[in-house]
1. Tell me, what is the percent relative contact order of the range 8-83, built from C-alpha pairs under 8 Å that lie six or more residues apart?
2. Pull out the extension gain between residue 78 and residue 139, defined as 0.36 nm times the separation in residues minus the alpha carbon to alpha carbon distance; nm, one decimal.
3. For the pair residue 85 and residue 62, how long in nm is the line joining their label points, each one 7 Å along Cα→Cβ?
4. What angle do you read, to the nearest 10 degrees and between 0 and 90, between the alpha-carbon axis of helix 54-66 and the longest principal axis of the chain?
5. What percent antiparallel are the DSSP beta bridges of the range 59-141, to the nearest 5?
6. Convex hull over the alpha-carbon atoms of the chain: what's its volume per residue in Å³?
7. Between residue 54 and residue 129, what is 0.36 nm times their sequence separation minus the Cα-Cα distance? Round to one decimal in nm.
8. Once Rh for the range 91-140 is found with the Kirkwood sum over Cα pairs, what is the Stokes-Einstein diffusion coefficient at 4 °C and 1.567 mPa s, in µm²/s?
């Protein structure tokens, strides 16, 4: 995972962002609950800090995605989800029934692990693959 440590303060400093309580709380919330949407992150942050506006949480998420501290994924039919695993080009498994999301490493090769046959002049630096199916819990119910 991250080579700069597990402390969100280090992530912020390494990205050149100011270390603030809302930023730390957002990063800790996402680290504790990967694949969270903004509402879930906001609720978790409010448990820690008390009153924080939803807009402030969105602003922190946007800044952290732009800085490469967080990754934003958008599985079809889902709100944007956030995770701290940004240092590779992993993919995701999504349950069609309950919406559970799980990380899955690339099947073969280094990032990007998939390349189009004809890139049409694009410099491809990321491939996004989402595997859809039923999680073990939904399969057994």
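Throughout, read-outs are computed from the coordinates displayed, never taken from laboratory work. Keep in mind that what you see is a predicted model, and the values were worked out from it rather than measured. Backbone-built Cβ (ideal geometry, glycine too); neighbour counts: all protein chains shown.
1. 33 percent
2. My answer for the length gained is 19.9 nm.
3. Modelled inter-label distance: 2.8 nm.
4. Helix 54-66 sits at roughly 50 degrees to that axis.
5. Roughly 65 percent of the beta bridges in the range 59-141 run antiparallel, per DSSP.
6. Once divided by residue count, the hull of the chain is 142 Å³.
7. Answer, rounded to one decimal: 24.0 nm.
8. Calculated translational D: 103 µm²/s.
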